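One structure is given here, and the rest of the page talks about it.
Laboratory data are not the source of any read-out in this text; all were calculated from the coordinates shown. Keep in mind it's a predicted model, so treat the numbers as computed, not measured. Because the Cβ atoms are built from the backbone with ideal geometry, glycine has one as well, and the counts that use them run over all protein chains shown.
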Amino acid sequence: MLLLEGIEPAKKVQAPSHFRPGLEFDGNEGTATTEGLPAAPNFDEFLEERGYSPDEYEIVGTPRTSQWQRWDGEWLTAYRFHFRRKVTDIDLPTLYAEAKRKSKYSKPKPKSSDRVFVICPADFQIGKGGSRGGHEESIQRIHAAFSRVEEKLKTGTYDHIVILDMGDVIEGVNNKADMDQLVTNTLSPMQQVDLASALLWDLMKLASKYAPITYGSVASNHCQFRVQKAAVGRPGVDDWGVVILQQLRRLATEVGLPVERWLVPQPHEEGFAFDVFDDGSHILGAIHGHQVGRPDAFQGFWSKAVFKDSYLAAATLMVSGHFHHHRVEQFSGTEGRERWWVQASTMDNGSDWYTRTQGAGGDSTTALTCFELEKGVPFRGKVDLL
């Protein structure tokens with residue numbers, strides 16, 4: 001021991017603090033960091049060892065590195081890289097290819113839970129380029145949300161599933177006077193419609209495994225038929241979301257998907273209301289929301305609808321999109337007949353409009369808004385953001 005007296009043991013050399021080994025994944029994309037290595041690894045093998053098959057995931061960009069020297073003189077390198085789910089190339093026209101498969105779907109076994117699960121896809125704005133990417137990122141984000149929906153359906157028991165396309169499923173090209181969508185969009189109008197149709201069809205196929213479906217679509221500002229910026233089509237009829245529903249209906253009939261009810265606005269209206277259980281306990285109204293002007297005006301808008309005895313007058317629960325954020329609010333009503341408003345979250349690629357209107361509030365948060373309704377049991381505002 002005398003030979004070592006006064007000699008400090010060598011301290012362990014740590015990797016830089018910002019390069020700690022680990023892996024983070026949000027269901028859509030992730031970041032992986034290796035430990036210090038004497039040579040570059042096979043990144044695909046690195047992911048596969050951790051359960052991420054290269055058949056389903058891909059490396060994005062060039063890995064970053066950080067180097068340091070060990071006490072024995074050997075140099076080590078840590079690697080940080082990004083990865084994501086692979087995106088299937090868009091094959092046009094997707095729906096026709098699906099129909100040619102001639103696959104048949106069996107009707108789910110009937111259940112007696114007296115519960116309905118409502119899924120509210122809102123503001124996909126397919127084809128829009130933004131702070132969260134382009135159409136590839138949209139596909140990844142939306143499919144990740146669909147996976148979370150399926151996990152929810154696996155754990156619940158539902159008699160029926162309602163899918164409400166809350167509008168703006170495509171970005172369009174004529175919504176702005178300056179026409180900058182022609183530059184910022186990542187898909188043509190035809191590709192937008194085709195991809196949006198395919199994504200909504202994916203959701204229908206997923207839901208149909210667990211219960212029969214009601215599918216509805218409201219008219220919206222981005223889906224309106226326009227010449228330049230002016231809306232020239234018939235309200236509630238000449239709308240891309242409604243056209244997509246018509247195509248989905250044809251395909252569902254072709255392959256036997258268990259859809260029991262299709263909902264679209266009446267001509268010259270832009271939304272609808274329907275009795276979920278056909279007993280008056282839950283009357284669900286749906287509009288996109290661009291008719292309202294601003295979120296804080298929604299209660300006044302609904303009050304006028306009731307006063308004028310419009311198609312929304314009888315609704316006990318109203319769902320809207322358009323405003324790119326989540327919000328749930330209860331309005332006055334008799335005991336057990338309170339009126340609720342659910343503002344559905346967006347799934348788009350980022351919104352300069354939302355950022356501008358919110359000041360320094362930042363961009364909108366993406367989520368797929370869902371909730372349950374039970375026959376004879378009042379809705380209490382519980383919503384899942386998936």
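General remarks:
- Here's the list of aspartates and glutamates a cross-link from residue 107 could span, going by alpha-carbon distance under 16 Å and ignoring same-chain residues fewer than 8 apart: 159, 254, 260.
- Of 109/382; 109/205; 205/375, those spanning more than 18 Å from alpha-carbon to alpha-carbon: 109/382; 205/375
- Amide H contacts of residue 170: 125, 126, each under 5 Å away and 5 or more positions distant or on a separate chain (H built 1.01 Å from N in the peptide plane; Pro and chain starts excluded).
- FRET E, pair residue 75, residue 268, Förster distance 56 Å, beta-carbon r, rounded to 0.05: 0.15
- Order of 375, 154 - criterion: other Cβ atoms within 10 Å of each residue's Cβ, fewest first: 154, 375
- Take the Cβ atoms of residue 107 and residue 42, set R0 to 41 Å, and the FRET efficiency comes out at 0.30.
- Amide hydrogen proximity for residue 113: with H placed 1.01 Å from N in the peptide plane, the residues at 5 or more positions away or on another chain lying under 5 Å are 159.
- Using a Förster distance of 22 Å, the FRET efficiency for residue 31-residue 68 (Cβ separation, nearest 0.05): 0.60
- Length available on full extension from residue 60 to residue 209: 0.36 nm per residue minus the Cα-Cα distance, which gives 50.3 nm.
- Model label sites at residue 131 and residue 375, defined 7 Å from Cα along the beta-carbon direction, differ in position by 4.6 nm.
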